[in-house]
Amino acid sequence: MTAAATPASPPATTGGQPGVRLARSRRNAELSLLLLAMVLVAAYAAMVEANVLETVTPDFWVPAAALSAVFLGLHVAIRFLAPFADPALLPAVALLNGLGVGFLRRLDLARATPVERADLAIFAGTGGRQLAWTLASVVLAAGLLLVVRDHRSISRYAYTLGLAGIVLVMIPAVLPSSISEINGAKLWVRVGSFSIQPGEFAKLALLAFFAYYLVRKREVLSLASRRILGVDFPRGRDLGPVVVVWLISLLVLVFEKDLGTSLLYFGMFVVTLYIATERVSWLLIGLVLFFGGAYLAYVLGSTVGGPFANFYLRAEIWLDPFADPYEDGYQLVQGLLALGTGGLFGAGPGGGQPLKLPEVQNDFIFAGIGEEIGLFGLSALLVIYLLIVERGLRAALAVRDSFGKLLAGGLAFTLGLQVFVIVGGISKLIPLTGQTTPFLSAGGSSLMANWLLIALLLRVSDGARRPVTGGGGGVARPAGAPPEQLHGAPTEVIKP
């Protein structure tokens, strides 16, 4: 016979209300930060016109207003599709993207004749094309949030994504240089006036595969064989996957002639491997393998030439760019001079001479902006990138499933590594690479791929922050909240 005890009084609120209030609070915070970011973009546009045109036109706010409409549309989509997502990601990325569009429009104003400047259309020039690419990229990101309602569903297609990633990486390598090579790096596919960089999308596909593979193999890869200087090293038989990815990275370095892409792919795998196993030895092994391979390519380039010659030339320019400042070292020297000219505070938005920098709209946009906003301004931009990476890592820590942890951690690290690679090349910390600065540089491939990356981080952070509903219709409880107290829970007494 069973007799039920008198249940405790139900909560005053229904199970969904606390979660609804939490989601609304985060989205309102996101909206406020987004509006602040767009005000900064509009202020930047006004200062550019004041310096370039010596006046502020009545339409200076139009590009910022167009960007605001685009980002507000994504904000509304997030309210419905990922209501618990991190509220800081969209405003931070929107600020970078907006400043990138503003600087590219500043370049268009500088290239135009004085008569044309005042009437430059909003969709004209490089800045106008970047604005159009921003619209397409944001729509694509919203579409990803609509299609992928749970990040764990991506793991079902892991092997397909891995194969697609390898194909995308290898396409420029096998194509003739006439349609795949720009500035010495074979990273593109060009058909007429249209061009695309497949490697930007390959990094996302490969990262999803790495996350799935390492979730399946993490126990085996975590095993240690011996301890050296307090570090546990893996068994020799477990080095196979690392060696395979290392060889693929070296092939990218040799045949696509790009150190940055090679470092990005290999670093992406090694870091996700470290996150999966928590073994510092994998980082040490990865560093030794990569820098050993790069040094071997440098030595072979100095002796046998051939496919290694381009990397050898880039390394020689890095070691001493002033040895040939008007030819091979011209690009790097001009970038260093721009950064030096900017000083601490810069010449002001629109007050520099960025057109003296080769490829200022792509590879060297960070140096061009640095001349005008100075060291303090560049530091602020790097802090924004750091904030995005930190938020991505926070989502990785908070999400409950292993695949989500590796995916979010890898995505955040990939963005941070790409920024390091391009900024390190411009500042002569590492050899110059063909990577673009995320959200700032002109180009549709990079912008689309990086907005897809942010959409994936939003999806993972939504899953990580979504309140957990207890069994039996309990009240929704945010993840990470203290455990529920049992003294007020309904009970049932069972009598024999």
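The values are calculated or read from the model by the stated rules, or taken from the named source; none is laboratory data. Remember, predicted model here, so these are calculated numbers, not experimental data. Cβ atoms come from the backbone with ideal geometry, glycine included; neighbour counts cover every protein chain shown.
Could you identify the single residue in Leu283, Leu273, Leu300 that is surrounded by fewer than 16 Cβ atoms within 10 Å (Cβ to Cβ) and of a type in the set (A, V, I, L, M, F, W, C)?
On the way: Leu273 fails: surrounded by fewer than 16 Cβ atoms within 10 Å (Cβ to Cβ); Leu300 fails: surrounded by fewer than 16 Cβ atoms within 10 Å (Cβ to Cβ).
Just one listed residue meets the conditions, Leu283.
Considering the stretch 230-252 alone, what residues qualify as being at pLDDT 75 or above and of a type in the set (Phe, Trp, Tyr)?
Trp246
Please specify each residue of the stretch 120-130 satisfying the condition of being surrounded by fewer than 23 Cβ atoms within 10 Å (Cβ to Cβ) and assigned to a helix (DSSP H, G or I).
Once the filter is applied, which keeps residues that are surrounded by fewer than 23 Cβ atoms within 10 Å (Cβ to Cβ) and assigned to a helix (DSSP H, G or I), the stretch 120-130 yields Gly125, Thr126, Gly128, Arg129.
Going through the stretch 106-119 one residue at a time, which ones are surrounded by 15 or more Cβ atoms within 10 Å (Cβ to Cβ) and at pLDDT below 80?
Residue satisfying the conditions is Arg117 alone.
Does the stretch 456-467 contain at least one residue that is farther than 23 Å from Gly267 by Cα, in contact with a Pro (Cβ under 8 Å, 6 or more places away or on another chain) and surrounded by fewer than 23 Cβ atoms within 10 Å (Cβ to Cβ)?
Among the residues of the stretch 456-467, at least one is farther than 23 Å from Gly267 by Cα, in contact with a Pro (Cβ under 8 Å, 6 or more places away or on another chain) and surrounded by fewer than 23 Cβ atoms within 10 Å (Cβ to Cβ), which makes the answer yes.
Hey, among Gln334, Gln361, which residue is touching a residue at least 12 places away in the same chain (Cβ under 8 Å) and farther than 26 Å from Ala92 by Cβ?
Residue meeting the stated conditions: Gln334.
Pairs, please: C-beta under 6 Å, at least 6 apart or cross-chain, first residue without any contact (Cβ under 8 Å) to a residue 40 or more places away in the chain and in the stretch 119-136, second in a helix (DSSP H, G or I) and surrounded by 15 or more Cβ atoms within 10 Å (Cβ to Cβ)?
Gly125/Asp108
Can you run down the residue pairs with Cβ atoms below 7 Å, 6 or more apart or on separate chains, where the first is in the stretch 386-403 and of a type in the set (Val, Ile, Thr) and modelled with pLDDT of 95 or more and the partner is surrounded by 21 or more Cβ atoms within 10 Å (Cβ to Cβ) and not in a helix (DSSP H, G or I)?
none
Considering only residues that are of a type in the set (A, V, I, L, M) and surrounded by fewer than 22 Cβ atoms within 10 Å (Cβ to Cβ), which ones fall in the stretch 167-184?
Across the stretch 167-184, the qualifying residues are Val167, Leu168, Met170, Ile171, Ala173, Val174, Leu175, Ile179, Ile182.
Please find, within the stretch 351-385, the residue that is modelled with the lowest pLDDT out of those that are of a type in the set (A, V, I, L, M, F, W, C), more than 11 Å from Leu339 (Cα to Cα) and surrounded by fewer than 16 Cβ atoms within 10 Å (Cβ to Cβ).
That would be Leu355.
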